[in-house]
Structures are given as structure tokens and as C-alpha cells.
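So the structure is just underneath, and the comments pick up after that.
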Amino acid sequence: MQGTKVVRPFPFFRAGARASQPQLSKPILVLEDVYKFFRPDQPTLRGVDLSVERGEFAFITGPSGAGKSTLLKLVYRELRVDEGRVLFCGRDIGRLTDKSIPFLRRNLGIVFQDFRIIDHWTVFENVAVALEIVSMPQRLIRSRVAEALERVGLAGRGPEQTSNLSGGEKQRVAVARAIVPEPALILADEPTGNLDPHLAIDILTLFEEINSTGTTVLFATHDHSLISKRDHRLISIDDGRVSEAQQGLKHWQGSSGIHTLVG
Amino acid sequence: MDMKNAITRARRGLREERRLYIVAVTSLAVAFICLGATLLGVTNLDAAAARWGQSGRITLFLKDDADAQDVAQLRVVLEGLADVSEVTHVTPTQARESFLEEADVGADLSALPSEVFPASLEVALVQGVTRERSESIATRLAQFRAVSDVESYGSWFQKLDQLLWGARMLALGLALLVMFCVVAVIGNTIRLAVARRRQEIEVMKLCGATNGFVRGPFVLEGMFQGFASALLAILALLVGYLALHDSVDSTLAALTGSRVVFLGVWTLVALLVGGAVIGAIGSAVSVRRYLAV
Ligand SMILES: Nc1ncnc2c1ncn2[C@@H]1O[C@H](COP(=O)(O)OP(=O)(O)OP(=O)(O)O)[C@@H](O)[C@H]1O
Ligand SMILES: [Mg+2]
């Protein structure tokens with residue numbers, strides 16, 4: 001990022017840095033035989049293999065407790081794999097030192113069901129925080145935050161107090177915060193879980209718009225109606241294992257029915 | 001670490017947690033006032049000691065049967081010494097009078113005959129003669145035939161030194177105690193602040209903030225609290241000093257001939273800088289413990 005004097009142990013993870021040509025043609029995210037144990041006898045993820053290409057939009061689905069959030073946490077290194085590898089841009093995330101984790105996260109945009117918006121901050125402050133942490137000059141922060149707010153449909157609402165916003169608007173602020181550093185990959189963990197159906201569609205559309213500009217999006221949800229409306233790649237987790245459909249629910253080939261698929 | 005950003009966020013933190021911080025600063029100011037008051041005592045005792053030490057004085061008690069010629073010769077020797085500024089001969093009668101005047105005692109003592117008071121030579125030394133030098137002069141003067149006894153007030157200074165040493169130790173002990181208080185109180189306040197800002201911290205961490213970035217403002221806030229406590233204490237002491245100055249000064253001047261002084265510039269600087277540094281240390285320790293980033 002411009003104007004930053006921070007020494008990064010992983011220069012490749014610099015946001016906005018253009019990866020080398022061979023790197024660009026490789027998948028952005030690869031999971032190789034990943035195991036995650038919370039109890040020694042019962043792995044939450046068992047032997048997950050997954051490959052996500054640059055610019056993809058994929059739903060991650062599965063019943064409650066299947067391990068959707070766990071899978072995303074392995075990517076942003078809230079959790080560490082017990083076996084196997086998670087490769088982001090070719091780098092083994094599991095082997096990053098604690099000191100390098102911030103530099104990994106600067107290349108990810110993370111959105112949650114519960115928004116994680118600071119209520120006593122303004123809309124602007126909530127979005128700007130993602131750029132302040134890399135010591136970007138204020139002038140640049142202002143223009144980029146304004147741009148991000150415009151992209152999520154909150155143009156000119158920066159000075160407003162976040163506590164006054166509706167749920168849908170709060171989630172838009174969270175999305176703006178996730179996209180403002182122009183990350184390579186967006187991880188959304190049930191971003192529509194707290195919103196009513198038509199707002200959920202709005203937010204989904206917002207993520208699709210972001211995806212159309214080239215950002216890879218992983219969208220975890222167990223909302224059947226949402227998945228069935230779109231034709232995106234579907235990654236389903238059940239019993240710790242992954243099964244996939246390349247083009248949405250309609251093309252689902254799995255032996256189990258749709259209802260076990262999305263819980 | 002981005003200092004400007006850390007300062008901005010520390011200011012926001014100070015504003016948001018002002019109630020919490022005001023309580024901490026007020027209680028720490030009380031601790032600093034205790035320390036400052038003790039230091040004030042030490043400073044004034046020091047000043048008084050320095051003053052008395054400078055106006056050196058030796059009393060030569062003369063033998064009752066001292067030869068007048070020997071005494072005269074002694075005076076000549078004394079007046080020839082570079083360290084001596086003035087020599088006064090005190091006769092037994094004069095000694096008795098000044099004793100009765102100063103002691104302000106009852107009629108019983110006034111009946112004392114003059115013979116009880118030996119004649120003496122009061123030797124005033126020039127300004128700046130060290131105590132060691134005055135001791136050695138005293139030892140040499142004791143050799144003279146006419147001299148029965150020499151008083152160089154060495155033991156008196158020793159007592160003063162002991163008193164000063166005690167006061168300094170008290171100040172040191174208090175300083176350590178205050179240090180502990182600052183670390184404990186600020187550490188605890190910062191722990192509360194960390195708990196209250198847990199959500200913000202989590203958001204910053206998810207966005208990729210480094211440990212230093214997250215911890216920086218808390219350390220600055222602790223630093224500010226330490227500094228503010230010391231400053232508040234100094235201001236309170238100054239107000240007290242100015243209010244009591246006139247009455248205390250005249251009493252002290254009459255009693256000891258020295259004037260009341262306030263804490264020296266370097267003591268003030270040390271208090272403020274010390275407060276800030278210890279505050280920063282306290283919050284850094286706390287933030288390390290309670291903010292596992
Ligand atoms: N930190 C943890 N410690 C112990 N067990 C955990 C932990 N995190 C998750 N689990 C367990 O792992 C399993 C998967 O949890 P996860 O949160 O990934 O599910 P999910 O698919 O996101 O479910 P939901 O749709 O309800 O959000 C659950 O059984 C959960 O109890
Ligand atoms: Mg979940």
C-alpha cells in the first residue's frame with residue numbers, strides 16, 4: 001500500500017501488489033487434505049480438499065455446526081490446521097508466524113453475520129480503520145473510504161453515527177470496510193444471517209458486484225432460498241467432508257438430497 | 001508504529017474512558033502529593049543544612065587560668081588564618097547574659113555565678129569553608145595552651161545529616177511505593193479499557209493490525225495518566241506552597257534563618273517524566289498481559 005513504511009515479512013501479501021504471471025494463473029486458495037480437530041476423536045473437518053480460482057464466487061454451505069465458519073477461520077488464521085495445508089496465493093497459511101498474520105489479513109476482507117461494527121464510531125471511522133492500520137495518509141483514506149461507501153450504496157453517509165443505521169445498512173458498512181483495502185479474497189461468514197429475505201438478496205447482489213470487479217468471494221450461508229436463486233459454485237460441508245456442485249443447486253449431483261445439503 | 005495515528009486513537013480513548021481515567025489520575029495524584037510533600041521537606045532541610053554548613057563557626061573555650069598574653073597571641077594567629085572572618089572574645093559575664101537571654105529560664109538559673117560560664121573565642125569562618133576544613137582547623141586550635149575545649153559543631157551537623165538521610169530514605173521508600181501504585185492503578189485501568197474496547201480491538205485485528213498498532217494507544221493513554229497525575233500533584237503542592245508560604249517563611253526565618261523553597265526544576269521534571277514513564281510501563285505490562293493479540 002502506498003505511503004507505508006511497515007516492513008512486511010511477506011511482501012507478496014501486500015494489498016494491491018500485482019502477483020507474478022504464473023502466480024495469477026494458479027488458484028488463489030487451495031486446501032489440501034485439511035483436518036481440524038476440536039476433540040481428538042472427532043475431527044470437525046476431515047480430509048478437505050478444495051481449490052478456489054481467482055475471481056470465483058462460491059457459496060459454502062452445510063448444516064449448522066458442519067464447519068463452515070471453521071473452514072473460513074483456517075483461511076484468516078483465527079485457527080490453525082491440524083493436518084494438511086491451506087495455501088493462499090501459494091503460501092502455506094498454517095506455517096505463518098503470529099507476527100505475519102496481520103499481513104495475511106490485509107489481503108482478506110472478512111464480513112460476519114453480526115456485522116462487527118463499532119456503534120460509537122461514525123460510518124467513516126468504521127470503514128477507515130481498515131486503512132488506518134496500514135498507516136495510509138488521511139487524504140488517501142478519505143477518498144478511498146468515500147469510494148467504498150459509494151460502492152455499497154452509502155455515498156455521503158460517512159459522518160453518520162453507526163448506531164442509528166438499520167441492520168442492512170450496518171452490513172453495508174461492514175462490506176465497505178472489507179473491500180476498502182482492495183483485498184484479493186473476501187470471506188463472508190453468513191453475512192445475511194441477521195437480515196430479512198429481501199435485504200439478504202441486496203447484500204448478496206452487493207457481493208456479486210464486488211466479485212464482478214475481480215475479487216474472489218467465499219460466501220458461507222445455510223440459507224437455501226438464497227443459494228437456489230443463483231448459479232454460483234456450491235461447496236457443501238457435511239460431516240467434516242466437502243462435496244461440490246460447479247453450477248449451483250440445480251446441477252447438484254450428490255447422492256444425498258438438497259435438504260441434507262443445506263440443512 | 002504510526003505515532004500520529006496512535007496519538008489520534010489515544011485521544012479518542014482518553015475521551016471515551018474519561019470517567020475511568022479521572023478516577024485513576026485523581027487517586028494517583030494523591031500518591032504523588034505524598035511523595036512531593038516529602039521531597040519538599042527534603043529540599044528545605046537540604047537548603048537549611050547547606051545554609052548552616054556555609055556559615056561555619058568554631059567556639060574555643062578558654063582555660064580559666066589562661067594567660068592573657070596567650071589569649072592575645074591566639075587571637076593574632078586566628079585573625080591571620082585565611083578561613084577566619086571574625087574573632088570575638090566572650091567574657092564569662094557576657095556568656096552568662098546571653099545564655100540567660102536565649103534560654104529564657106526561671107530565676108533559679110539567673111542565680112548562677114559567672115564562673116560557671118567559661119570565657120571563649122567565637123570564631124566565624126568565611127563563607128564556603130567545608131565542614132572537613134573547619135574540623136581540621138578545630139583540631140589544630142585545640143593544641144593551643146590557652147584552649148581548654150573546642151566546639152566545631154560536628155556532632156550537631158552529624159545529627160542533621162542523619163535527619164536528612166532519614167528524610168531521603170523516606171522519600172525513596174515513598175517513590176518506590178508511588179511507582180508501585182502507578183503501575184498497579186494504571187495497569188488496572190488499562191485492563192478495564194482493554195475489556196471495554198474488546199470489540200474495536202477485534203475489528204482491528206481482523207483488518208490486519210499489528211500488535212504494536214493495537215497496543216500503542218493504550219501505552220500512550222497510560223503514559224498520559226502518569227504524567228497528568230504528577231502534574232496535578234505538583235499543581236496542588238504549588239497552591240499549598242503559595243498559600244502557606246508567607247506564614248511558614250517568617251516562622252522558619254526566625255527559627256533557623258533559612259527561607260522556604262519549592263521543589264527544584266529538576267525534581268519537577270523528574271516527577272513528570274517519571275510519572276509518564278512509569279505510567280507507560282504500567283500500561284505496557286497490562287496490555288501485554290490482557291491483550292494477547
Ligand atoms: N473453538 C472451538 N472449540 C471447540 N469446538 C468448536 C470450536 N469452534 C467450532 N467448534 C465446533 O466445530 C463444529 C463446527 O463449527 P462451525 O462454527 O464451523 O459450524 P458452522 O458450520 O459455521 O455452523 P453455523 O451454521 O451454526 O454457523 C461445531 O460442532 C462446533 O461446536
Ligand atoms: Mg458459522
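Conditions tested, residue by residue: (1) more than 16 Å from ligand 1 (Cβ to nearest atom); (2) among the small types (Gly, Ala, Ser).
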residue: A:168; (1), (2): yes, yes
residue: A:175; (1), (2): yes, no
residue: A:182; (1), (2): yes, no
residue: A:187; (1), (2): no, no
residue: A:207; (1), (2): yes, no
residue: A:212; (1), (2): yes, yes
residue: A:217; (1), (2): yes, no
residue: A:222; (1), (2): no, no
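Among the residues that make up region A:56-65, is at least one of them among the β-branched types (Val, Ile, Thr) and over 21 Å from residue A:205 (Cα atoms)? No: zero hits. For region A:42-71, filtering for residues that are without any contact (Cβ under 8 Å) to a residue 60 or more places away in the chain and more than 15 Å from ligand 1 (Cβ to nearest atom) leaves 1. Selection within region A:105-143: residues that are at the interface with chain B (Cβ under 7 Å from one of its Cβ atoms) and under 25 Å from residue A:28 (Cβ atoms). The member of this set that is surrounded by the fewest Cβ atoms within 10 Å (Cβ to Cβ) is A:116. Residues in region B:186-218 that are within 11 Å of another protein chain (Cβ to nearest Cβ) and among the polar types (S, T, N, Q): B:199, B:210, B:211.
Out of curiosity, is residue A:90 away from ligand 1 (no atom under 15 Å from the Cβ), in contact (Cβ under 8 Å) with a residue 24 or more places away in the chain and either away from every other protein chain (no Cβ under 14 Å) or surrounded by fewer than 21 Cβ atoms within 10 Å (Cβ to Cβ) (or both)? Yes. Residues of region A:144-170 that are closer than 26 Å to residue A:212 by Cα, within 14 Å of chain B (Cβ to nearest Cβ) and not charged (D, E, K, R): A:145, A:148. Applying the criterion of being under 17 Å from the mean Cα position of the chain (by Cα) and more than 23 Å from residue A:70 (Cβ to Cβ) to the residues of region A:178-200, the residue that is nearest to the other protein chains (Cβ to nearest Cβ) is A:181. So which residues in region B:152-176 are at pLDDT below 80, surrounded by 13 or more Cβ atoms within 10 Å (Cβ to Cβ) and outside any loop (DSSP other than H, G, I, E, B), if there are any at all? Hits for region B:152-176 are B:154, B:157.
The values are calculated or read from the model by the stated rules, or taken from the named source; none is laboratory data. All figures in this text were calculated on a predicted structure; none of them were measured in a lab. FYI the Cβ positions are ideal-geometry reconstructions off the backbone, even for glycines, and counts take in every protein chain you see.
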